[in-house]
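Peer 1: Sharing a structure here in structure tokens format.
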Amino acid sequence: MVSYQRKKIALIGGGQIGQNLAMLAAMKELGDIVVLDIGDFVNPAKGKALDLMEMAPHGNYDANIVGTGDYKDIEGADVAIITAGKPRIAGMTREDLLATNIAIITNVAAGIKQYAPKAFCIVVTNPLDAMVYAFYKLTGFPKHQVVGMAGTLDTARWRAFVGMELGVSVADVAGTVLGGHGPDMVPLPRLTTVGGVPLAEIATKEQIDKLVLRTREAGTEIVKLFGKGSAFFSPAWSAIIMAESFLKDKRRVLPAAALCEGEYGIHGLFIGVPVLIGAKGLEKIFEIKLTDDEMAMLQKTAGVVKNTVAETKL
């Protein structure tokens, strides 16, 4: 008889994104799930895990979901998705979170390095580009083992806004967003299509400019609407798509924050670029032939990321 062992998914942080990650991972039956959350009240992660287990008969999924506050319970995890950290509130930039969240990421890195040193790690914590860099430096993991979620989310937002603006299905919108996870990110209208039709042929320059601006400010738009807290549905889906590509060796080509070592003329920074994610983790970075203007914008966002990373002092 052939026996099968489920994959193990460690979710570090049990807040809004973390609990949505747990639900999505369970419904997709990606593996058994450990939700680690060190909360200020009794067993928050255990309560959320039990709630999801009680939903399993309706969701028709088989997954063992446990909550914990002990890193020992993530031992041997195949994937670790890191969302632990303080969320943004209205009036706060992602960079404002750096001092608080670098301390949290330091503890997270130590726990994962000790108990799940082979895990494919997806960092979601903001400021994303600096936090994924810090995690990489603190763990000493190889670059194929560490990515940041942002590009997948930024691209989803770009596609959603294009579909909303033009009144078409988002399923027919193809495009990508490069750069840091902030107001200097680089949507690429030139390479965006709707059902194979170039965006510039069906949208005006004014519409495209508006879409670019809204994509760059998408996270802030949601923070302002919430008043307290930040997006959680779309970041969770974005991270799950990346984890699924690794766990199932789907070899998806997705924009993600990856360590560039010369690609696009960028050295030693994690920045949003198209990558291939498969069973070996981050298997390849694709270099798009950019126009001079696009390259200038990418270099500008890289400069912003470099300055933020410098504040980590790592």
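Where a number appears in this text, it was derived from the coordinates with a stated rule and is not lab data. None of the values given here were measured: they were computed from a predicted structure. All Cβ positions, even for glycine, are placed from backbone atoms using ideal geometry, and neighbour counts span all protein chains on display.
Peer 1: Over the range 8-149, what is the mean sequence separation of C-alpha contacts under 8 Å (at least six apart), divided by residue count, expressed as relative contact order in percent? Don't skip to the end; give the middle numbers.
Peer 2: Details: 277 pairs, mean separation 32.4, N = 142.
Contact order relative to length: 23 percent.
Peer 1: So what is the orientation-averaged projected area of the chain, using the convex hull of its C-alpha atoms, in nm²? If you can, show how the numbers build up before the last one.
Peer 2: Numbers: hull surface 68.2 nm².
Its average projected convex-hull area is 17.0 nm².
Peer 1: Using a 10 Å cut-off around each Cβ, can you sort HIS181, HIS267 from fewest to most neighbouring Cβ atoms?
Peer 2: Least crowded to most crowded, the residues run HIS267, HIS181.
Peer 1: Under the rule of -39500 (n - 2.57) per DSSP H run of 4 or more residues, summed and divided by the residues of the chain, what mean residue ellipticity at 222 nm is obtained, to the nearest 500 deg cm²/dmol?
Peer 2: Computed ellipticity for the chain at 222 nm equals -13500 deg cm²/dmol.
Peer 1: With N residues in the range 151-310, what two-decimal value do you get for its Cα radius of gyration over 2.2 N^0.38 Å? Let's see the in-between values first.
Peer 2: Details: Rg = 15.5 Å, N = 160, 2.2 N^0.38 = 15.1 Å.
My calculation over the Cα atoms of the range 151-310 gives 1.02.
Peer 1: Same structure, new question: Can you tell me the mean projection area, over all orientations, of the convex hull of the range 138-207's alpha carbons? Units nm², please.
Peer 2: The orientation-averaged projected area of the Cα hull of the range 138-207 comes to 5.9 nm².
Peer 1: Using the Cα gyration tensor of the range 224-314, with a ≥ b ≥ c the square roots of its eigenvalues, what is the shape: rounded (a/c below 1.5), prolate (a/b larger than b/c) or oblate (neither)?
Peer 2: It comes out oblate by the Cα gyration axes.
Peer 1: Can I ask one more? Counting pairs of alpha carbon atoms under 8 Å apart in space and at least six apart in sequence, what relative contact order in percent does the chain give?
Peer 2: It comes to 17 percent, rounded to a whole number.
Peer 1: Could you pull the Cα extents of the range 8-149 along its three principal axes, largest to smallest, in whole Å?
Peer 2: Here the Cα extents, ordered largest to smallest, are 42, 36, 25 Å.
Peer 1: What fraction of the DSSP beta bridges in the chain is antiparallel, stated in percent and rounded to the nearest 5?
Peer 2: For the chain, the DSSP antiparallel bridge percentage is about 55.
Peer 1: Run through all the Cα pairs of the range 73-181 and give the fraction in each 10 Å bin from 0, expressed as whole percent.
Peer 2: 14, 38, 28, 16, 3
Peer 1: Here's another thing I want to ask about it. So if I take the centroid of the Cα atoms in the range 133-209 and the same for the range 210-275, what is the distance between those two points in Å?
Peer 2: Each part reduced to its Cα centre gives a spacing of 8 Å.
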